[in-house]
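> Can you read through this structure? Questions will come right after.
The values are calculated or read from the model by the stated rules, or taken from the named source; none is laboratory data. None of these values were measured; they are calculated from a predicted model. FYI the Cβ positions are ideal-geometry reconstructions off the backbone, even for glycines, and counts take in every protein chain you see.
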Amino acid sequence: MDTKLFIVVVCLLPFLQSTLAGYTDCGSADGSIIDVSVTNCAPTARRCILKRNTNATMTINFKSNVKSDSLTAEVHGIIMGVPVAFDLPNTDGCKDSGIVCPLSADSSYEYTTTMPIKSSYPRITVEIKWQLIDAEGKNVICALIPAKIS
């Protein structure tokens, strides 16, 4: 009986982790996401509330599967299936992010950045697509984060 319960729990852990953390992997080709956190967003939240006229700090812990001399951050808001670019103060993932390039294969990193939630942003529900792209143009990581701008 204990063995069956253990097997069920082990099989459900990956699903529970991504569901409880509130993000989904949207195509991390050259790496894997370990954890995603956003300021003022509970780890169990299904949707992060981002208040206009404030800053949101995003931290992504990930493992790179490749060596790369550069890392570029791209952020889009997916609104009714249409990607809309978010302005990032710094798109260089190797500068002021906690990461020093080059990336090494099979190494773990913590990427941190702060982005403004501008007062001009509409009050809407949005999926935030956060990508860190290597020198070859492939996603090291891609995280889809459910959010609401209020």
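Here is a yes/no grid of residues against (1) farther than 17 Å from SER32 by Cα; (2) in contact with a Phe, Trp or Tyr (Cβ under 8 Å, 6 or more places away or on another chain); (3) among the β-branched types (Val, Ile, Thr):
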{"site": "ASN55", "(1), (2), (3)": "yes, no, no"}
{"site": "THR72", "(1), (2), (3)": "no, no, yes"}
{"site": "HIS76", "(1), (2), (3)": "yes, yes, no"}
{"site": "PRO83", "(1), (2), (3)": "yes, no, no"}
{"site": "PHE86", "(1), (2), (3)": "yes, no, no"}
{"site": "LYS95", "(1), (2), (3)": "yes, no, no"}
{"site": "SER119", "(1), (2), (3)": "yes, no, no"}
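> Sticking with this one: Given (1) within 15 Å of ILE141 (Cβ to Cβ); (2) at pLDDT below 95; (3) not charged (D, E, K, R), where does PHE62 come up short, assuming only one miss?
If we test PHE62 against (1) within 15 Å of ILE141 (Cβ to Cβ); (2) at pLDDT below 95; (3) not charged (D, E, K, R), just (2) comes out false.
> OK, next. Within the bounds of segment 14-26, is there any residue that is modelled with pLDDT of 95 or more, in a loop (DSSP other than H, G, I, E, B) and surrounded by 12 or more Cβ atoms within 10 Å (Cβ to Cβ)?
For segment 14-26, residues modelled with pLDDT of 95 or more, in a loop (DSSP other than H, G, I, E, B) and surrounded by 12 or more Cβ atoms within 10 Å (Cβ to Cβ): present.
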